[in-house]
Amino acid sequence: MIWIGDVLVSQGEGGVYNERMLGGARVWDPYRSKLSALYFAGTGVELTPGMRVLYLGAANGTTVSHVADYVDVVYAVEFAPRPMQDLLEVCRRRRNIIPIMADAARPEQYAPLVEAVDLLYQDVAQPDQAAIVLRNCAFLKHGGTVILMLKTRSVDVRKEPAEVFHDTIDSLISAGLIVKELTWLSPFHADHAAIVCIKPEV
Amino acid sequence: MQSYWFGDVEDGRCTLFTGDSHAIIDRIQSIVTSMDTFVPPDWEHAVLCGACRDRGEYLARLQAACIEAAERLIREHYSRKDAELLQMVRTLDEIDTVINLLSEKAAEWYLIRHPAFSRKYRRTPAHALVKTMRERSKGALGKVAGEIEQLANTRTILAKEVSARANDVMPNTSALIGGLVAARLMSHAGGLLPLSRLPASAIQVLGARTALFAHLKTRSPCPKHGIIFQHRRVHNSPREVRGKVSRVLAGKLAIAARLDFFRGVAEPDFLEMAQRRIDATVKRSKL
């Protein structure tokens, strides 16, 4: 990852969402992007130029544009039409983002499009986040990484965030993933946790 | 055999799919993949069958097709009848908020200029007060009051349009509860499809989110009604039976929303039975 002092940046064409520029690089704000917050609050995963990424819950393409600055290609899945309009505008300026308008819970609908990826990033506001990750693991290479941004409040408001967190981790482990890192994203994002896992080699 | 957007691959051999971007989009939507035996596509296979020369071209072609597919889906989504109604009713409710906020501020300002004026013991409706402010105030305050009146006119026109559109888009729901309230229910659910998928109990408390979550988290009583309170048969009922009336009404609304989504035309038989059932609940409660 590229740091200028204690500011996380990415190299690419600016002006995507009026982001601040620093020495010709785009500032990646941890308060806006949960992935950026993970690099501030924890370790995360080093994004490298050869990487292929499947990004579930791409929304307006803000974080996607930063990821695309670092990696080879991002397959960006988003279901809602309104944010998709914005994401398409980002795609027209960046050749390495493939926009896919589909439901991340139904990977069979976009399977013919997505290559084997090194990183599976998931940030969807759904109650069954762990299940969605597991269904999409078919795209992930062995030894590849999963980053799951858990919105505990979207899973069940009646449960304590910590309880939701442990339930999710249990279902990931029982599906055979190796949990590598658990980080709460405070103070950047309240009640959000990042879970980093590895899909084991065969 | 594995089917990908560029062609079919079997035993390392690839059959190219020929067709323009339209055909590719249709192909993507028609392919049925089983995730159990799925092998992700490989750009080298695409080169092998002649879909592209290198990885750069592979991604460029894939991106072009995906952008076009997404544009098509967005167009389809926005051409659905409920898409515009959704924005219309949300704008309407926002205009109401703006009118209230502005009138309040203008009234405070007016009080400074006319210290003897008070709204206590007067039955002046808000719009009459705005009219007085416009006529008796010079400069910017008069202009602000004028703008509020203009906005109120726009609101009236928009409300009529929302009502008419709701009668067309959701005839059954509108017949039971009125076009405006029906449109508001739809707006809170996020569209006609999501509304038709909601259980009656959710429709009953749609719009009472704060009270509902307070109930789920603490021991406060659960809300009896949300938006459907705006319907006369709910708010005109005696307090102790409002819950009963709103429950019956919500039950019929859930059916009506499904009729609206799947059939799209008014069902007189259903409507008559439903109206009778709701009226019976109201009447029985009055005995």
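The values are calculated or read from the model by the stated rules, or taken from the named source; none is laboratory data. In this text the structure is predicted, and so the values were computed from the model without any measurement. As a convention, Cβ positions derive from the backbone with ideal geometry for all residues, glycine included, and neighbour counts pool all protein chains shown. Each accessible area value is taken on the protein alone, full model and side chains, heavy atoms only, with ligands, DNA and RNA left out. Shrake-Rupley method; radii C 1.70, N 1.55, O 1.52, S 1.80 Å.
At-a-glance table
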| item | result |
| --- | --- |
| Percent accessible area from carbon and sulfur atoms, the protein assembly as shown, protein chains only, probe 1.4 Å | 53 percent |
| Ratio Rg/Rh [Cα only; Rh per Kirkwood] for region B:14-140 | 1.46 |
| Full-extension gain in nm, B:LEU158 to B:SER30, via 0.36 nm per residue minus C-alpha separation | 41.9 nm |
| Sequence-separation-based contact order of chain B, relative, with Cα cut under 8 Å and 6+ spacing, percent | 13 percent |
| Computed P(r) (all Cα pairs; region A:90-202; 5 Å bins; percent) | 2, 11, 21, 23, 19, 14, 8, 3, 0 |
| Candidate aspartates and glutamates for bridging to A:LYS180, where Cα separation is under 14 Å - those fewer than 8 sequence places away on the same chain excluded | A:GLU46, A:ASP170 |
| Sites matching GluC sites (Glu not before Pro) across region A:1-88 that sit in DSSP coil, with at most 11 neighbouring C-beta atoms within 10 Å | A:GLU13, A:GLU46 |
| Listing of region B:12-49 residues, each with accessible area lower by at least 30 Å² in the full protein assembly than in the chain alone (probe 1.4 Å) | B:ILE28, B:THR33, B:MET35, B:PHE38, B:PRO40, B:PRO41 |
| Under the Debye formula (equal points on every Cα, no solvent term), log10 I(q)/I(0) of chain A at q = 0.08, 0.15, 0.16 Å⁻¹ | -0.24, -0.91, -1.05 |
| Point-to-point label distance, A:ARG92-B:ALA83, nm (Cα→Cβ direction, 7 Å offset) | 1.7 nm |
| Accessible area (Å², per residue) of chain A, counting only protein heavy atoms and a probe of 1.4 Å | 40 Å² |
| 20 Å binning of all Cα-Cα separations within the protein assembly as shown, expressed as whole percents from 0 upward | 19, 42, 32, 7, 0 |
| Excluding exposed DSSP-loop trypsin sites (Lys or Arg not before Pro) (at most 12 other C-beta within 10 Å), longest clean stretch of chain A | A:21-157 |
| Average projected area [Cα convex hull, region B:213-252], square nanometres | 3.1 nm² |
| FRET efficiency for A:GLU163 and A:THR43, using Cβ-Cβ distance with R0 set to 22 Å, rounded to 0.05 | 0.35 |
| Neighbour net charge for A:VAL164 - beta-carbon separation under 15 angstrom, K R +1, D E -1 | -2 |
| For chain B, built as a Gaussian network whose Cα springs stay under 10 Å, the top-fluctuating residue of B:THR15, B:THR156, B:THR37 | B:THR37 |
| Neighbourhood net charge (12 Å Cβ-Cβ; Lys/Arg +1, Asp/Glu -1) for A:LEU22 | -1 |
| Charged-residue dipole, Cβ positions (Lys, Arg, Asp, Glu), chain A about Cα centre, Debye nearest 20 | 360 debye |
| Region A:26-79: chymotrypsin sites (Phe, Trp or Tyr not before Pro) falling in loop per DSSP and having at most 13 other Cβ within 10 Å | A:TYR31 |
| Cα pair distances of region B:81-169 binned at 5 Å [whole percent] | 3, 13, 22, 19, 14, 10, 8, 6, 3, 1, 0 |
| Region A:40-112, dipole about Cα centre (Lys/Arg Cβ +1, Asp/Glu Cβ -1), debye to the nearest 20 | 180 debye |
| Exposed-loop-free span, longest in chain B, where trypsin sites (Lys or Arg not before Pro) count as exposed if DSSP calls them loop and at most 16 other C-beta atoms lie within 10 Å | B:139-218 |
| Rg to Rh quotient for region B:170-287, alpha carbon positions, Kirkwood Rh | 0.97 |
| Total accessible area lost when A and B pair, probe 1.4 Å, Å² to nearest 100 | 2500 Å² |
| Antiparallel content of DSSP bridges confined to the protein assembly as shown, in %, to 5 | 60 percent |
| Per residue solvent-accessible surface (Å²) - chain B, probe of 1.4 Å | 58 Å² |
| Cα-based radius of gyration of chain B once divided by 2.2 N^0.38 Å, which approximates compact folds | 1.49 |
| Under 16 Å from the B:LEU216 label point (7 Å along Cα→beta-carbon), backbone N, region A:138-161 | A:151-161 |
| Linear extension gain, B:LEU16 paired with B:LYS143, 0.36 nm per residue minus alpha-carbon span | 38.9 nm |
| Full-stretch length increase - B:ARG72, B:GLU135 - with 0.36 nm per residue and alpha-carbon distance subtracted | 17.4 nm |
| Overall Cα dimensions of region B:2-78 - principal axes, largest extent first, Å | 42, 30, 18 |
| In chain B, lysine pairs closer than 21 Å at Cα, eight or more apart or cross-chain | 16 |
